[in-house]
Amino acid sequence: MTATPARRVLLAAPRGYCAGVDRAVIAVEKALEQYGAPIYVRHEIVHNKYVVQTLEKKGAIFVDVTAEVPEGSIVMFSAHGVAPTVHAEAAERKLATIDATCPLVTKVHKEAVRYAKEDYDILLIGHEGHEEVIGTSGEAPDHIQLVDGPEDVANVEVRDESKVVWLSQTTLSVDETMETVDALKSKFPNLLSPPSDDICYATQNRQIAVKKLAEDAELVIVVGSKNSSNSIRMVEVALDAGAPAAHLVDFASEIDEAWLEGVTTVGLTSGASVPDVLVDGVLEWLAERGYADVETVKTADESITFSLPKELRRDLRAEAAALSAE
């Protein structure tokens, strides 16, 4: 008789919540605790179906536009950031605001403002329609043009090739971004790079970890939502790194058992907006099908934390009431 190969799971570390997501989710929970429901949130606080549904049950109301928020209410801006026009809209509607923008996204916003003041053409590498890209572009709309991948470089035109700088969406694939940067540098040899890499540390760390999983796993499962840019990128990174198969799922129930056919080693990780309870659910699902041996694959330590938005240290209900009384 031939022995059945041992089935195992390689569990990526780091995975799941990054410091910016953790801060944003806690900010909503604290606001609900401190001020009571409802707390309005402009767009999803982070791109994860489970997190949004959980916060809705606690009293958060997610809206697409500021105009949906009743005057005199509290509104929170998501981790992806918003354009200055959104802050102006909130002020017009006499809303008290909590800004839960990830500090790493805020850094990119500040870079955009600075380079615009110096009259640079800013080439923003990112995906059209993504909330972070919309927010960053809004900081300097007359100076920023979007570059959506290397194939978009041919369409880029600038006023002065000696004053061009690139910035990027924080949740992109590192490899994809640098491919676009290289193409831009070929076209614009004097292209300036930002003072520090805009790709967020957590995005980089999770992509490095998934590359390591891809070395040994016949199947990589990434837990994350379909609208999560960093989660989608991780599936792409796994496939590019040699994994025979990689899939994105929100919940264990979405896994197709056919994916396990002939698979002895499953790699498991999660996007930066995914709570560990969802990964635990996948581990349980896999264990029930013989993949009970779990080995952690650690590629980095993460100790970064961000303080909560300063607005949570004020009485925003009183501020909102005062604004609406004006």
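Quick look at the numbers
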quantity	calculated
From the options ALA79, ALA37, residue that is under 24 Å from LYS94 (Cα atoms), surrounded by fewer than 24 Cβ atoms within 10 Å (Cβ to Cβ) and not assigned by the TED database to the domain that holds VAL279	ALA37
Scope the range 305-325; condition at pLDDT 80 or above and either surrounded by 13 or more Cβ atoms within 10 Å (Cβ to Cβ) or among the hydroxyl-bearing types (Ser, Thr, Tyr) (or both); matching residues	THR305, PHE306, SER307, LEU308, PRO309, GLU311, LEU312
Considering residues of the range 110-148 that are among the charged types (D, E, K, R) and in a loop (DSSP other than H, G, I, E, B) only, the residue surrounded by the fewest Cβ atoms within 10 Å (Cβ to Cβ)	ASP142
Selection from the range 17-43 of residues that are within 11 Å of the chain's Cα centre (by Cα) and not in a helix (DSSP H, G or I)	TYR17, CYS18
Checklist (1) in contact (Cβ under 8 Å) with a residue 24 or more places away in the chain; (2) in a helix (DSSP H, G or I); (3) open to solvent by 10 Å² or more (accessible area, probe 1.4 Å) applied to VAL52, failing item	(1)
Qualifying positions in the range 113-170 - more than 15 Å from VAL181 (Cα to Cα), of a type in the set (Gly, Ala, Ser) and touching a strand residue (DSSP E or B) at 6+ places or on another chain (Cβ under 6 Å)	SER137
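The values are calculated or read from the model by the stated rules, or taken from the named source; none is laboratory data. Everything numeric in this text was worked out from a predicted model, so none of it was measured. For neighbour counting, all protein chains shown are included, and Cβ atoms are generated from backbone atoms with ideal geometry for every residue, glycine included. The protein model used for the area step is the full one, side chains on, heavy atoms only, and it has no ligands, DNA or RNA in it. Shrake-Rupley method; radii C 1.70, N 1.55, O 1.52, S 1.80 Å.
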